[in-house]
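The values are calculated or read from the model by the stated rules, or taken from the named source; none is laboratory data. Just so we're clear, the structure is a prediction, and the values are computed from it rather than from any experiment. Backbone-built Cβ (ideal geometry, glycine too); neighbour counts: all protein chains shown.
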Amino acid sequence: MTRTVIHTNSKLDSSAMLKNIMQQLNIAGEITRVSMTTDSIEFRVSIPGHERNINVDLRKGTCVQKEIIFNWWGKIRNLHTFNGAKRDNPDIQPNWVITRTWKFAMDAIAIGFIILCISSWIMWYNLRKKYTWGPLILISGFVIAIYFVFVVKML
């Protein structure tokens, strides 16, 4: 837990105040779980592998940070689930440029894999007389994909 003295400007709107606090603390990340009252602000700042719960007392001008640092496995898991989407409000878009970049890159990779698969099917279809095991491999690929998408999700 870290205590820091900060200077707040009550004339700023909530978004500008959060950015001002983050600049004073020299931190960046995806802002979530914002709770504001007249005399305090609580929010979470997340980056893959590191989360900070921040509580700002506006009257005293103090900030209390509680840090959660993940180990190697936690960082890898977080990179596979980190997309900036909020479960309780999915309409809110990511507010950190790195999250938006990460989300775009993951979508581009997924589209690339889809194009790769479709082009492979087209090439196999044109050469199907040479590769008689093609239908069996194609069907087994679909079965494995269905297993991972639907069955594992239910477990």
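Figure legend. Inter-residue proximity from the stretch 111-140: first residues free of Cβ contacts under 8 Å to residues at least 24 places away in the same chain, second residues of a type outside the set (Lys, Arg) and part of a loop (DSSP other than H, G, I, E, B), beta-carbon distance below 7 Å, spacing 6+ or different chains. Indicated pairs: TRP124/TYR131. So for the stretch 64-83 (the condition being touching a residue at least 12 places away in the same chain (Cβ under 8 Å), assigned to a strand (DSSP E or B), of a type in the set (S, T, N, Q) and closer than 19 Å to LYS11 by Cα), does at least one residue qualify? The answer is no; no qualifying residue exists. For the condition within 30 Å of ALA16 (Cα to Cα) and part of a helix (DSSP H, G or I), PHE104 qualifies.
Each residue in the stretch 121-155 was checked for being polar (S, T, N, Q) and either over 26 Å from HIS80 (Cα atoms) or part of a loop (DSSP other than H, G, I, E, B) (or both), and 2 pass. Looking for something part of a loop (DSSP other than H, G, I, E, B), surrounded by 15 or more Cβ atoms within 10 Å (Cβ to Cβ) and in contact with a Leu (Cβ under 9 Å, 6 or more places away or on another chain) - is there at least one such residue anywhere in the stretch 43-50? Scanning the stretch 43-50 turns up at least one residue that is part of a loop (DSSP other than H, G, I, E, B), surrounded by 15 or more Cβ atoms within 10 Å (Cβ to Cβ) and in contact with a Leu (Cβ under 9 Å, 6 or more places away or on another chain). Across the stretch 84-101, the qualifying residues are those that are surrounded by 11 or more Cβ atoms within 10 Å (Cβ to Cβ) and in a loop (DSSP other than H, G, I, E, B), and the one among them that is modelled with the highest pLDDT is TRP96.
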